[in-house]
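First comes the structure, then the notes that go with it.
Any read-out appearing in this document is the output of simple, stated calculations on the displayed coordinates, not a laboratory observation. Computed from a predicted model, the values in this text were never measured in an experiment. Neighbour counts run over all protein chains shown; Cβ positions are idealised from the backbone, glycine included.
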Amino acid sequence: MKTIIAFTLALGCAATLPAPVQGQLQSPRDSVSLSLDTNRVSIGYGRPSMRGRKIMGDLVPWNKVWRTGANAATHLTTSFDMVIGGMPLPRGKYTFWTLPSPSGWIFIVNKQTGQWGTHYDEGQDFGRFKATMTTTPAAVETLTISLKATGETSGVLTLSWENTVASTAFEKSDHIRPISPGDSTSVMLNGALVKIIYSRPFMRGRTIWGAVVPMDSIWRTGANNATVLSTETDLEVNKLRIPKGTYTLYSLPTEKGFTLIVSKKPPGSAEYDKSQDLVRIEMHQEKAASVIDPFTIRFEAPTGRTTQLMLGWGDRIYTAEVAAHE
């Protein structure tokens, strides 16, 4: 009798098993790792199986970002700086996604971690690059991701499922270009120095406006540390006066325009404080003749007293006339 009761309880528990747990049983979590010299790279992912289903273009839709596995997001962890798919990638932990299409696949490295596989945020993309595509003569029943050494400090990441194989090469790098290097631009107006110090993020295959730079939200106007404007003379921009001094620059992008915010907040943290606003400048927007990458700020066409301030990234350019105040 005890055996029958126990068996009945077990059946009841199985019938009410939560969907995520059932999914994890059908697509167990697995990991693969590779040691290169004293360094290590690893990938943790859920492994779904075909189970008689059509995979590519059906279970895995074309032209939609895929979690590249099942259940929780697929994670890539590297203890060394690398170049993967031609893209510099600093050591750290990331999520790994793909964008499959009939003509080829895109690999996506994303900065957000720890999330469920349906929670993809394009604005967190670190970068995208094309995968090398081949096919298999026999169907691969269960999704398989492998890491294989091709040299002392290089390897290849390969994804195989059904008859599709997508891969990319990677290698250790001790000389990765800074992701958002610091820079500055300056101009002399009426013999006085006007200078902007900022960081220059790269596109790295990402959508910029509305994704990396959200619309209708305050942006630091660059990356990393706050963007700083210093001027040795009073300025006039769109009839708005900026006394000589040092300021922090922020911006407010929208679909139809771009507002440059000059803040009295001292340089330092990029955290925005609306109460410190000095002026808000509406900049002219136009489409770039060619892609601008990385993000660029510069002074153009100086005449001695006037100049044009230009901000550009991706397919957009924003400008405003700047003059030394008389």
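Results, tabulated for the structure shown:
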| item | result |
| --- | --- |
| Label-zone membership for the stretch 200-225, site residue 246, 7 angstrom Cα→C-beta point, backbone N under 17 Å | 225 |
| Lysines whose Cα lies under 29 Å from that of residue 172, excluding same-chain neighbours fewer than 8 positions away | 93, 111, 130, 148 |
| All Cα pairs of the stretch 126-250, percent lying beyond 24 Å | 57 |
| Pairwise centroid distance, computed over Cα atoms, of the stretch 55-119 with the stretch 281-303, Å | 33 |
| Net charge contributed by nearby residues that have their C-beta within less than 12 Å of residue 230 (K/R +1, D/E -1) | +1 |
| Rough spin-label spacing in nm, given labels placed 7 Å along Cα→Cβ, for residue 190 and residue 115 | 5.0 |
| Additional length obtainable on full extension of the chain from residue 49 to residue 154, 0.36 nm per residue less Cα span | 34.8 nm |
| Taking the C-alpha atoms of the stretch 115-173, convex hull volume expressed per residue in Å³ | 129 |
| Nitroxide proxy distance, nm - points 7 Å out along Cα→Cβ at residue 264 and residue 135 | 6.9 |
| Only Lys, Arg (+1) and Asp, Glu (-1) charged, at Cβ; the stretch 33-181 dipole about Cα centre in debye | 260 |
| Largest-first principal axis extents of the Cα set of the stretch 182-324 (Å) | 41, 34, 27 |
| Sorted by Cβ density within 10 Å, fewest first, the residues 93, 256 | 256, 93 |
| Residue 122-residue 218 FRET efficiency (beta carbon distance; Förster radius 22 Å; 0.05 resolution) | 0.70 |
| Extension gain from residue 176 to residue 56, taking 0.36 nm per residue of separation minus the Cα-Cα distance | 39.7 nm |
| Within straight-line cross-link reach of residue 256, lysines at Cα separation under 28 Å, skipping those fewer than 8 residues along the same chain | 64, 195, 239, 264, 265, 274, 287 |
| Positive minus negative residues near residue 51 (Lys, Arg vs Asp, Glu; Cβ under 15 Å) | 0 |
| The chain: calculated mean residue ellipticity at 222 nm from DSSP helix runs of at least 4, using -39500 (n - 2.57) | -2000 deg cm²/dmol |
| Inter-label distance for residue 255 and residue 286, nm, one decimal - labels placed 7 Å from Cα along Cα-to-Cβ | 2.4 |
| Degrees between helix 2-15 axis and first principal axis of the chain (Cα, 0 to 90, nearest 10) | 40 |
| Positive minus negative residues near residue 279 (Lys, Arg vs Asp, Glu; Cβ under 11 Å) | +1 |
| Å³ per residue enclosed by the Cα convex hull of the stretch 29-172 | 101 |
